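Comments concern the structure below.
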Amino acid sequence: MISIRHLSKTFHNPDGSTVTVLKDVNCEIRKGEVISIIGPSGTGKSTLLRAINMLEQPTGGEIIVDGENIMQKGYRLDLMRRKMGMVFQNFNLFEHKTVLENIIFAPMELLHTDEKQAREEAMELLKKVGMVQKADVYPSSLSGGQKQRVAIARALAMHPEVILFDEPTSALDPTMVGEVLSVIRHLAKEGMTMLIVTHEMRFARDVSTRIFFMNEGIIYEDGSPQQIFEHPVRSATKAFVNRIQKLVYEIDSDDFDFLQIRTGINQFCVKYNIASKAEQAYSLMEEMLFSHMRQYRPLTLRLTHAELSGETALDFMVEGLKESPLPDNDAVKDLRARVKVVEEPTVRGFRVKLLL
Ligand code: ADP
Ligand code: MG
């Protein structure tokens, strides 16, 4: 359906400097594929999506859509854009139009669908994204998750052959990520061809037929979710998919700022979509610091989260220690009954890790 060959994009900054964001991108996208594009920020993922539907004029290479090079002079971009829906991070709804009006606008204007039919189709699409009851409200009264579901319905209203999603959930409150991902999952089941830039690793692994790992302006590795997430060939891919997020505090005496740590834990859990673990992390931290490991100072406290495996742990490291600092008492027995406790010597000392 789409072939991309040697695609490049260089931006010219106002100060005369240039930045080459896409170096040499090559790929084939076939009908029915669900491709997630992952990679560090600043590596050109958004630029690639925007180049594919010519919102950004590429500097070199070719983009062949249904057999035609869309970069050639005189190509009818308006016709090509009807085949490609785009869903943005910030929804881009028309604020002065109701939900229904947002959806019927393009089909009526560009496809000349008559109003009655456009409305009927729009209501069907709203049903699909669970937003029928909001047909007549304005976007300002919707939550972020609801806005994004409307934006997806609006893209579908043009009967696109492919939908491009640019981080559809990254502007959302974590509680609303799930509802948007579930709509996208549903589209994948129906066989919709999609290209999805996302930071949601587990979603990408579960929903995609193929993964592009972008790094330094190229598709650095391309493969099945199983290959990319479980057996990546290149070391940068491996490091990216297995990366572990960490929150670290040094506790050197008993007058540390407890409230600051609590706030830090909360923010960390919200950011990585594990808000439900915040309370447990906080109370275990308090229990460890003030009871089981009270006499061990200084110690290093860490909260870690592996996005792909979903493993979250709270650990306590004491330097120079050779054996577990945990006493063999009833309180610790009770702790072991509630959470999995891993005790491990490290090069620098001894670590007690609680799996949340
Ligand atoms: P990603 O989506 O992977 O985070 P982007 O495609 O948004 O990356 O951007 C890649 C790089 O291109 C960034 O360093 C960004 O600053 C630069 N860039 C993007 N758009 C422009 C632009 N219009 N002018 C200049 N530089 C840009
Ligand atoms: Mg981006």
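Relative to the current alpha-carbon distance between Ala306 and Gln89, full extension at 0.36 nm per residue lengthens the span by 75.7 nm.
Considering only Lys73, Lys271, Lys147, give the residue with the highest GNM mean-square fluctuation for the chain, with springs between Cα atoms whenever their separation is below 10 Å. Most flexible of the set in this elastic network: Lys73. Each peptide in 323-332, 34-43, 77-86 gets a packing score, the mean of other Cβ atoms within 10 Å over its residues, and the list from highest to lowest is 34-43, 77-86, 323-332. Magnitude of the charge dipole for the chain, about its Cα centre and with charges confined to Cβ atoms of Lys, Arg (+1) and Asp, Glu (-1), is about 540 debye. Name all residues of region 38-52 having a backbone nitrogen under 17 Å from the label point set 7 Å from the Cα of Asn13 along its Cα→Cβ direction, giving them as ranges. Once the point is set 7 Å along Cα→Cβ of Asn13, 42-44 turn out to lie under 17 Å by backbone N, inside region 38-52.
Among the lysines, select those whose C-alpha is under 29 Å from the C-alpha of Lys353, and discard any that sit fewer than 8 residues away in the same chain. Here the lysines satisfying the reach criterion relative to Lys353 are Lys238, Lys246, Lys271, Lys277, Lys322, Lys333, Lys340. The label-point distance for Ala275 and Lys238, in a model that sets each label 7 Å from Cα toward Cβ, rounds to 3.7 nm.
Note that region 199-302, at 25 °C in a medium of 0.890 mPa s, gets a Stokes-Einstein diffusion coefficient of 149 µm²/s from its Kirkwood radius over C-alpha pairs. Projected over all directions and averaged, the alpha-carbon convex hull of region 104-222 occupies 8.5 nm². At Phe105 and Leu79, where each label point lies 7 Å from the Cα along Cα→Cβ, what is the point-to-point distance in nanometres? Computed distance between label sites Phe105 and Leu79 equals 2.6 nm. Rg/Rh for region 247-313 stands at 0.97; both radii use Cα atoms, and Rh follows the Kirkwood definition. Of the chymotrypsin sites (Phe, Trp or Tyr not before Pro) found in region 139-230, none is in coil by DSSP with at most 11 other Cβ atoms within 10 Å of its Cβ.
Within region 307-356, the percentage of alpha carbon pairs spaced more than 16 angstrom apart rounds to 45%. Hey, how many Å between the Cα centroid of region 208-228 and the Cα centroid of region 288-354? Rounded to whole Å, the Cα centres lie 36 Å apart.
Quick one: plug the Kirkwood hydrodynamic radius of region 159-230 (C-alpha pairs) into Stokes-Einstein at 4 °C, 1.567 mPa s, and report D in µm²/s. Rounded, D is 99 µm²/s. With R₀ fixed at 45 Å, the C-beta to C-beta distance from Leu355 to Arg30 puts the FRET efficiency at about 0.65. May I ask for the angle, rounded to the nearest 10°, between helix 115-128 and the longest principal axis of the chain, with both axes built from Cα atoms and the value confined to 0 to 90°? Rounded to the nearest ten degrees, it is 20.
Pair-distance distribution P(r) for region 2-241, from all Cα-Cα distances in 5 Å bins starting at 0: 1, 6, 14, 17, 18, 16, 13, 9, 4, 1, 0, 0 percent. The C-alpha atoms of the chain define a longest principal axis, and helix 278-287 lies at about 10 degrees to it. For the chain, the relative contact order works out to 15 percent when only alpha carbon pairs closer than 8 Å and six or more residues apart are counted.
Please report the antiparallel percentage of the DSSP beta bridges confined to the chain, to the nearest 5. Of all bridge pairs located within the chain, approximately 75 percent are antiparallel.
To the nearest ten degrees, helix 144-156 and the longest principal axis of the Cα atoms of the chain are 30 degrees apart.
Quote the Stokes-Einstein diffusion coefficient, in whole µm² s⁻¹, for region 244-355, based on the Kirkwood radius over alpha carbon pairs, a temperature of 20 °C and a viscosity of 1.002 mPa s. For these conditions, the coefficient is 150 µm²/s. Here each label is just a point 7 Å from Cα along the line to Cβ, and for Gln295 and His231 those points are 5.2 nm apart.
For region 57-114, applying the loop criterion from DSSP together with a ceiling of 13 other beta carbons within 10 Å to the GluC sites (Glu not before Pro) yields Glu95.
Rg over Rh for region 1-106 works out to 1.00, both radii taken from alpha-carbon positions and Rh defined as the Kirkwood radius.
Only the coordinates and a few stated rules stand behind these numbers; no lab work does. Nothing here was measured: the structure is a model prediction, and the numbers come from that model. Cβ coordinates were reconstructed from backbone atoms using ideal geometry, including for glycine residues, and neighbour counts include every protein chain displayed.
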